[in-house]
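Asks: The structure under discussion is supplied below as structure tokens; questions concerning it will follow.
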């Protein structure tokens, strides 16, 4: 007799406001993991909570639920300063209720990329320059930083491992 599991996937048919964050948050109520597979600092998931409106640009909405691990996956382009601020804001508002995991294969958007954007006439917080480095031999990724945190935990601590 095998273990039965179910997976629910929320995919968008177009880019833009399709309520993917709202749907993901609704489905997260009985999930163990919520994975955000792609996107960058120019994207956002807006979630309405009794505490107010929350906009997540880089974190998976699962971090707003008790016992849920929110994973920012390998397709993400992450600005480390922005995700740090996003985590600290949720902690300050006592809304970080799940665990945060950032894939070690996520791409890092560095200040030099923002400068490239400005010089190239692209909009602020565009993820294009961070994605361009996917094929760069240096592969600017999050590497061994593997971040994990929970309510009351350190924003940049070590992941305690998968939930038991």
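The values are calculated or read from the model by the stated rules, or taken from the named source; none is laboratory data. Since the structure is predicted, the reported quantities are computational estimates derived from the model, not experimental observations. As a convention, Cβ positions derive from the backbone with ideal geometry for all residues, glycine included, and neighbour counts pool all protein chains shown.
Asks: In region 72-89, what residues are surrounded by 22 or more Cβ atoms within 10 Å (Cβ to Cβ) and in a strand (DSSP E or B)?
Replies: Selection gives 72, 76, 77, 78.
Asks: Another question about this same structure. Within region 36-48, is there a residue that is surrounded by 11 or more Cβ atoms within 10 Å (Cβ to Cβ) and assigned to a helix (DSSP H, G or I)?
Replies: The answer is no, given that none of the residues of region 36-48 is surrounded by 11 or more Cβ atoms within 10 Å (Cβ to Cβ) and assigned to a helix (DSSP H, G or I).
Asks: Shifting gears a bit: Can you tell me which residue in region 90-140 is surrounded by the most Cβ atoms within 10 Å (Cβ to Cβ), limited to those that are at pLDDT below 65 and in a helix (DSSP H, G or I)?
Replies: 130
Asks: Okay, moving on. Taking the residues in region 58-71 that are part of a loop (DSSP other than H, G, I, E, B) and under 9 Å from the mean Cα position of the chain (by Cα) as candidates, determine which candidate is surrounded by the fewest Cβ atoms within 10 Å (Cβ to Cβ).
Replies: Of region 58-71, the ones part of a loop (DSSP other than H, G, I, E, B) are 58-60, 65-68.
Next, only the ones that are under 9 Å from the mean Cα position of the chain (by Cα) stay: 58-60.
Details: 58: 27, 59: 25, 60: 29.
Only one residue tops the list, namely 59.
Asks: Here's a follow-up. Considering (1) assigned to a helix (DSSP H, G or I); (2) over 12 Å from the mean Cα position of the chain (by Cα); (3) modelled with pLDDT of 85 or more, say which one residue 22 fails and leave the rest.
Replies: Of the numbered conditions (1) assigned to a helix (DSSP H, G or I); (2) over 12 Å from the mean Cα position of the chain (by Cα); (3) modelled with pLDDT of 85 or more, the odd one out for residue 22 is (3).
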